[in-house]
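Worksheet for the structure shown next.
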Amino acid sequence: MSSKHITILLVQAVLACSACGGRDAKKADLGGRENEFQKKRVCAELGRQRLALDSRKQEEGVTPAVSGEWCYSTTLNTCIYSATVNIWVAPKDPNAMEQLALSMQSTVDLLTNRTLISANRTKSTRAELAEYETKRKELFDKCQ
């Protein structure tokens, strides 16, 4: 075999190997995206469950009003849940309006159930609430 034929065979072999590697990389990428989709789906289910738990009425005359959001963070590899829970208490007088007894904000890692940040909205200063919101935004900015 001439050196010209050997060169052509080597080029074909290199191209064939790179094409095979490309297919494997595409399969790995597809598998990675599918895995990420599964994690996001599990996170969404955990978020819905936590929102339902936070919204549950604990006792007669006490009404929680909850707004929550969640996301899967690939950077942190966890599911982040953030909620504002307002606890309203019915007065003894049926003609009076409910009173806000407590307003809490918290952001939780749903996989470990660890509170990442929290703030008592009824007692915190504006600066403390702003700091909470900045940290919460930083965490949610890591979500996709």
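Any read-out appearing in this document is the output of simple, stated calculations on the displayed coordinates, not a laboratory observation. In this text, all values refer to a predicted model and were calculated from it rather than measured experimentally. Here the Cβ is made from the backbone with ideal geometry for all residues, glycine too, and neighbour counts use every protein chain on show.
By other beta-carbon atoms within 10 Å, ranking 132, 72 with the fewest at the front produces 132, 72. Among the trypsin sites (Lys or Arg not before Pro) in the stretch 30-59, which ones are in a DSSP loop with at most 16 other Cβ atoms within 10 Å of the Cβ? Mind listing them? In loop regions of the stretch 30-59 (DSSP not H, G, I, E or B), the sparsely surrounded trypsin sites (Lys or Arg not before Pro) are 56, 57.
For residue 120 and residue 52, the FRET efficiency from 1/(1 + (r/R0)^6), where r spans their Cβ atoms and R0 equals 25 Å, is about 0.65. Share of Cα-Cα pairs in the stretch 78-121 beyond 11 Å, in percent? Roughly 67 percent, rounded to a whole number. In this label model, residue 67 and residue 100 are separated by 1.1 nm, measuring between points 7 Å along each Cα→Cβ vector. In percent, rounded to a whole number, the relative contact order of the stretch 33-144 is 21, using alpha-carbon pairs under 8 Å and six or more apart.
Overall size of the stretch 30-144 from C-alpha positions, given as principal axis extents largest first: 61, 31, 19 Å.
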